[in-house]
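Dumping the structure here so I can ask a few things about it.
What follows is calculated from the coordinates using simple rules that are stated; it is not laboratory data. Treat the numbers as computed from the prediction; the structure is a model and nothing was measured. No Cβ is skipped: glycine too gets one built from the backbone with ideal geometry, and neighbour counts run over all protein chains shown.
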Amino acid sequence: MNYQINNLPERVAKPRNSGITMVMDKGLSLRQVEDFIEVAGTYTDMVKLGWATSYVTPNLTEKLKIYRDAGIPVYFGGTLFEAMIVRNQFDDYCRLLDKFKMDYAEVSDGSITLEHDIKCDYIQKLSKITTVISEVGSKDVQKIFAPYKWINLMRAEIEAGSWKVIAEARESGNVGIYRDSGEVRQGLVDEILTQIPEETIIWEAPQKAQQVWFIKLIGANVSLGNIAPADVIPLETLRLGIRSDTFDHFL
């Protein structure tokens, strides 16, 4: 830090198991990645290459190297997994993970219909070759899961081998754990936390109000995902209570 401010919340040091900031890269150029790392690399724990953007991203190998040289793990968005599964290309997907030396794999079913025992089987298989992050929830705003179903799905996926489970929100933050207005489904979150350990969940929270809500509920070291590159520094100030939205919360 550039100077001393007393009595700020203590942040877990990297590499973190909690307090994770997962950033979504939706198509940054190599120069943009370099600039992003210069400014926000210290506060970024992992980067997701959004949905299947990796398929059309120029200079993908070079981009991955820049992230890795900065000590920031990168992984493919879950929609790529789904796009290949629905085309019976699971073996090809595994070869992709090996080719690009991915330390993580995201398993999701937000865009396809996949029997949950089959999804858990994929988690189990992939967990033998990489670290699995699985996503719970649908990208379809019409699909509303009851809290007990979220809990059952999360628990089963953790037992199958997921390191973390992601609570779905999309990059827009208006599905899954949120209403279409972006408002948090508070009762759902409260019920999930009665059964699923907080440190195993990454809450997708692309909007500032959502980030503030989770920081106030869980604390500075809540794990948040789908953060825009330009929002990493602002998010860190929210975590530390040096921005007006959380200023009084940590005094």
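Given the -39500 (n - 2.57) contribution per DSSP H run of 4+ residues, what per-residue ellipticity at 222 nm results for the chain, rounded to the nearest 500 deg cm²/dmol?
-11500 deg cm²/dmol
For the range 21-247, what does the relative contact order come out to in percent, with C-alpha contacts under 8 Å and a separation of six or more?
Normalised by residue count, the contact order of the range 21-247 is 18 percent.
Would you mind calculating the gained length between ALA228 and ARG11 on full extension (0.36 nm times residue separation, minus the Cα-Cα distance), in nm to one decimal?
Answer, rounded to one decimal: 76.1 nm.
Hey, got the dipole for the range 21-247? About the Cα centre, +1 on K and R Cβ, -1 on D and E Cβ, debye to the nearest 20?
Dipole of the range 21-247, to the nearest 20 debye: 180 debye.
So, one more: For the pairs LYS63/LYS128; LYS149/LYS208; LYS65/LYS125; LYS26/LYS99; LYS65/LYS216; LYS63/LYS216, note any where the Cα-Cα span goes beyond 29 Å.
LYS65/LYS216; LYS63/LYS216
Where the centre of each part is set by its Cα atoms, how far does the range 58-73 sit from the range 82-117, in angstrom?
21 Å
What three numbers, in Å, describe the spread of the alpha carbons of the chain along their principal axes, ordered from the longest?
Computed over the chain, the largest-to-smallest principal extents equal 54, 43, 30 Å.
What shape does the range 57-125 take by its C-alpha gyration tensor, where a ≥ b ≥ c are the square roots of the eigenvalues and a/c under 1.5 counts as rounded, a/b above b/c as prolate, and the rest as oblate?
Judged from the Cα gyration tensor, the range 57-125 comes out prolate (a/c at least 1.5, a/b above b/c).
Okay, next question. About the Cα centre, and with charges only on the beta carbon of Lys, Arg (+1) and Asp, Glu (-1), how big is the dipole of the range 1-110? Nearest 20 debye, please.
With only Lys, Arg, Asp and Glu charged at Cβ, the dipole is about 100 debye.
Select from the range 68-97 those trypsin sites (Lys or Arg not before Pro) which occupy a DSSP coil region and have at most 15 other Cβ atoms within 10 Å, ordered by residue number.
Answer in residue order: ARG87.
So how far apart, in nm, are the two label points at ASP248 and ASN59 if each is 7 Å from Cα heading toward Cβ?
Computed distance between label sites ASP248 and ASN59 equals 4.8 nm.
List the DSSP H helices in the chain whose Cα atoms stretch 18 Å or more along the helix axis and whose mean Kyte-Doolittle hydropathy is at least -1.0.
147-160
Taking the Cα centre of the range 175-251 as origin and charging only Cβ (+1 Lys, Arg; -1 Asp, Glu), how large is the dipole, in debye to the nearest 20?
140 debye
Within the range 56-85, whose backbone N sits under 16 Å from a point 7 Å along Cα→Cβ of ARG31?
58-59, 63
Follow-up question, since we're still on this one. Per the Kirkwood definition applied to all pairs of different Cα atoms, how many angstroms is the hydrodynamic radius of the range 93-184?
13.7 Å
A further question follows. With a cap of 16 neighbouring Cβ atoms within 10 Å, and only residues DSSP puts in a loop, list the chymotrypsin sites (Phe, Trp or Tyr not before Pro) found in the range 87-170.
PHE100
Treat each spin label as a single point 7 Å out from the Cα along the C-beta direction, and report the ARG68 to GLN4 distance in nm.
Going by the 7 Å Cα→Cβ label model, 4.1 nm.
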